[in-house]
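These notes are about the structure you will find just below.
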């Protein structure tokens, strides 16, 4: 299935799926298709990132962020992704992508995205992103206020603190 069809499927299914709270996990199921493969018959590294986009779209679409984003003409932007590939997906493998907001600071949302096959962790990614609109970058407190959510973040896990510190050296 081509990516536009996958996007259409995610959006249409999102209309009928259960609404999510900001800290809930979105779960999407896919099957690895021929156009997802690289020349070695594994799912292409870039395809993981593209599917991760769909996971974040589903999370926004089904959460209180949807109205805030739409009403304010905000766009989600990704600044950084850290991904760890553990195992390869092959042709026709089923995969489940789970996406959840882990925490946030004044500017950034930190999102974890996991790829699984039959319950086995295949890859995990951390995403650092924000929202921007016609007036520029929107502070997380403003985004959360518009979504009707408290601005208090869950505790930041050590792995995200380490990532932030490592990012400062680049």
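The values are calculated or read from the model by the stated rules, or taken from the named source; none is laboratory data. Small disclaimer: the values here were computed from a predicted structure and weren't measured. Don't worry about glycine lacking a Cβ; one is built from the backbone with ideal geometry, like all the others, and counts go over all protein chains shown.
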Original post:
Among the residues of segment 99-109, is any exposed (fewer than 14 other Cβ atoms within 10 Å of the Cβ), over 25 Å from residue 151 (Cβ atoms) and at pLDDT 95 or above?
Top reply: no
Subject >> Every residue from segment 1-19 that is farther than 24 Å from residue 88 by Cα, without any contact (Cβ under 8 Å) to a residue 12 or more places away in the chain and surrounded by fewer than 13 Cβ atoms within 10 Å (Cβ to Cβ) >> reply: 8, 12, 15, 16
Original post:
Does segment 76-96 contain any residue that is surrounded by fewer than 14 Cβ atoms within 10 Å (Cβ to Cβ), closer than 26 Å to residue 135 by Cβ and either in contact with a strand residue (DSSP E or B) (Cβ under 6 Å, 6 or more places away or on another chain) or touching a residue at least 12 places away in the same chain (Cβ under 8 Å) (or both)?
Top reply: yes
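Restricted to segment 25-56, and to residues that are part of a loop (DSSP other than H, G, I, E, B) and either free of Cβ contacts under 8 Å to residues at least 60 places away in the same chain or under 14 Å from the mean Cα position of the chain (by Cα) (or both), which residue is surrounded by the fewest Cβ atoms within 10 Å (Cβ to Cβ)? Spell out the reasoning first.
Restricting attention to segment 25-56, the residues satisfying the condition of being part of a loop (DSSP other than H, G, I, E, B) are 25, 32-33, 38-41, 44.
With the extra rule that they be either free of Cβ contacts under 8 Å to residues at least 60 places away in the same chain or under 14 Å from the mean Cα position of the chain (by Cα) (or both), the set shrinks to 25, 33, 38-41, 44.
Details: 25: 14, 33: 14, 38: 12, 39: 6, 40: 8, 41: 11, 44: 16.
Applying the filter and picking the extreme gives 39.
Check 59, 22 and return the single one that is buried (at least 16 other Cβ atoms within 10 Å of the Cβ), touching a helix residue (DSSP H, G or I) at 6+ places or on another chain (Cβ under 8 Å) and at pLDDT 95 or above. Full working, then the answer.
Details: 22 fails: at pLDDT 95 or above.
Unique residue meeting the criteria: 59.
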Original post:
Out of (1) surrounded by 17 or more Cβ atoms within 10 Å (Cβ to Cβ); (2) touching a strand residue (DSSP E or B) at 6+ places or on another chain (Cβ under 8 Å), the odd one out for residue 68 is which?
Top reply: (2)
Original post:
Quick one: would you say residue 88 is modelled with pLDDT of 95 or more and not in a strand (DSSP E or B)?
Top reply: yes
**OP:** Restricting attention to segment 98-109, report how many residues are over 9 Å from the mean Cα position of the chain (by Cα) and touching a residue at least 40 places away in the same chain (Cβ under 8 Å).
**Re:** 4
**OP:** Hey, can you tell me all the residues within segment 111-170 that are free of Cβ contacts under 8 Å to residues at least 12 places away in the same chain and either surrounded by 18 or more Cβ atoms within 10 Å (Cβ to Cβ) or assigned to a strand (DSSP E or B) (or both)?
**Re:** 136
